[in-house]
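First up is the structure itself, then whatever we jot down about it.
The values are calculated or read from the model by the stated rules, or taken from the named source; none is laboratory data. The shown structure was predicted, so the numbers you read here are calculated from the model rather than taken from an experiment. When we count neighbours, we look across all protein chains shown, and the Cβ atoms used for this are built from the backbone with ideal geometry, even at glycine. Keep in mind that these areas ignore ligands, DNA and RNA; they rest on the heavy atoms of the full protein, side chains included. Shrake-Rupley method; radii C 1.70, N 1.55, O 1.52, S 1.80 Å.
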Amino acid sequence: MRFLADIPDDDVQWLDAAAADQGVSRAELVRRAIAAYRAELSGDAIDNAFGIWRDRADIGDGLKFQRRLRGKRT
């Protein structure tokens with residue numbers, strides 16, 4: 001569905017720059033923002049983030065990874 005929305009010029013410039021950085025259209029960036037906002041409001045953001053790193057092979061043991069990030073010994 002298409003709709004019109006008045007957005008301040010500086011926000012449009014920011015959207016254009018962010019869209020260019022991410023290699024997507026302005027419309028796609030707005031769609032993503034709306035989806036993220038809906039998830040945040042509905043509480044789905046936590047559910048959507050659960051297990052997000054499960055396929056990462058570079059982490060290994062979670063505690064060791066955390067200590068490595070913090071500069072502590074493992």
Selected from 47, 58, 16 as most flexible by GNM, with the chain as the system and alpha-carbon contacts under 10 Å: 58
DSSP-assigned coil residues among trypsin sites (Lys or Arg not before Pro) in the chain, each with at most 11 further Cβ atoms within 10 Å: 2, 54, 56, 72, 73
Surface share of carbon and sulfur [accessible, 1.4 angstrom probe, percent] for the chain: 53 percent
Sorted largest first, extent of the chain alpha carbons per principal axis (Å): 54, 27, 19
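Averaged per residue, what accessible surface does the chain expose to a 1.4 Å probe, in Å²? Before the final figure, lay out the partial values.
Numbers: 6920 Å² over 74 residues.
Each residue of the chain exposes 94 Å² on average to a 1.4 Å probe.
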Heavy atoms of residue 42: accessible area, 1.4 Å probe, square angstrom to 10: 70 Å²
